[in-house]
Amino acid sequence: MKYFYSYYTCKCYSDNAMDCLGSFCTYILLAFILFSQHNCKANELPPGIPEGAKFDRKKNLYTASDEQFKYVYYSNGSLYEKCEYNEPSSQLDGRCEAYLMNTDQIISYGNFKNGRRDGLWTWTFPNGQNYVVQNFVYGKKKEFWIPVEIWGNENGPYKRYYPNGNLDEEGSFDTGEKSGYWKKYYPNGSLEYSGNYLKSKKILEWKYNYPNGKLEAKESYDQVGELLERTTYYPSGDVWCISKSSKQVICN
């Protein structure tokens with residue numbers, strides 16, 4: 001009598017059932033050894049990452065901490081972030097710096113207080129030029145519909161820059177909301193638009209310009225952010241369209 005087994009592409013034909021069983025067991029053993037070796041290699045930490053570090057698959061980053069600092073590492077083992085850490089409270093507390101991959105160049109820095117950003121924070125481009133300069137105040141926080149730990153307490157001046165160092169946008173925040181007079185610039189430095197915010201809603205008059213500085217559009221809002229009127233202009237300066245809150249639009 002012929003005994004037979006098939007496991008994927010491996011087959012056994014024999015008059016002895018034990019021969020087939022032995023071949024099958026050998027195959028399973030080899031597969032287990034290969035899988036174990038692969039699994040061990042997959043769990044090996046990249047050079048530079050301390051033992052016990054945890055891997056975040058969503059962010060593709062490793063995290064570790066001691067009594068003084070919390071460390072975050074890129075997947076290749078280079079340091080991404082080093083922040084002062086309060087171990088008893090499990091909160092970031094003090095100076096925090098982030099680094100460009102494979103370098104010691106700082107790309108963001110500022111302070112935390114009990115897990116929230118506090119004071120002036122700066123983010124930079126890889127070339128070292130400032131990207132965003134933003135102030136935060138501990139204790140004043142905008143409420144979100146989902147829990148957010150380190151955002152929502154932006155307060156005071158805000159500036160964002162182009163890689164060439166020219167100013168991109170400037171304004172201010174109040175308890176995480178855009179507030180007061182804001183301006184946005186083209187890369188060449190000319191004003192793109194300007195106007196006022198109240199709790200992140202546009203209010204009063206807003207003006208938009210073409211790159212050459214000529215007026216492109218003008219908007220009027222009430223104090224609760226409702227659009228009252230919008231006028232657009234041709235590059236020549238002539239009126240193009242006028243629209244009002246009644247949805248009526250008149251164009252030339």
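Computed from the coordinates by the stated procedures, all read-outs in this text should not be read as laboratory data. Bear in mind the structure is a predicted one, so any value in this text is a computation, not a measurement. Quick reminder, even Gly has a Cβ in these numbers, built from the backbone with ideal geometry, and neighbours come from all protein chains shown.
Once backbone amide H atoms are built at 1.01 Å from N, residue 131 has 123, 124, 125 as its partners under 5 Å, excluding neighbours fewer than 5 places away on the same chain. The ellipsoid equivalent to the alpha-carbon distribution of segment 144-252 has semi-axes of 28, 21, 9 angstrom, derived from the gyration tensor eigenvalues as √(5λ) and listed largest first. Taking the empirical scaling 2.2 N^0.38 Å for compact globular proteins as reference, segment 55-121 has a Cα radius of gyration ratio of 1.09. Summing charges over all other residues whose Cβ lies under 10 Å from the Cβ of residue 219, with Lys and Arg as +1 and Asp and Glu as -1, gives +2. Taken one residue at a time, the phi angles of segment 193-209 give Karplus couplings (6.51, -1.76, 1.60, θ = phi - 60°) of 7, 7, x, 10, 10, 9, 6, 6, 10, 5, 9, 6, 9, 10, 10, 10, 10 Hz. Gly and Pro are set to x. Within the shell defined by Cβ-Cβ distances under 13 Å, the residues around residue 190 carry a net charge of +1, with Lys and Arg each +1 and Asp and Glu each -1. In plain terms, the chain from residue 239 to residue 217 could stretch by 7.0 nm, reckoned as 0.36 nm per residue minus the Cα-Cα distance. Normalised by 2.2 N^0.38 Å, where N is the number of residues, the alpha-carbon radius of gyration of segment 54-204 equals 1.17.
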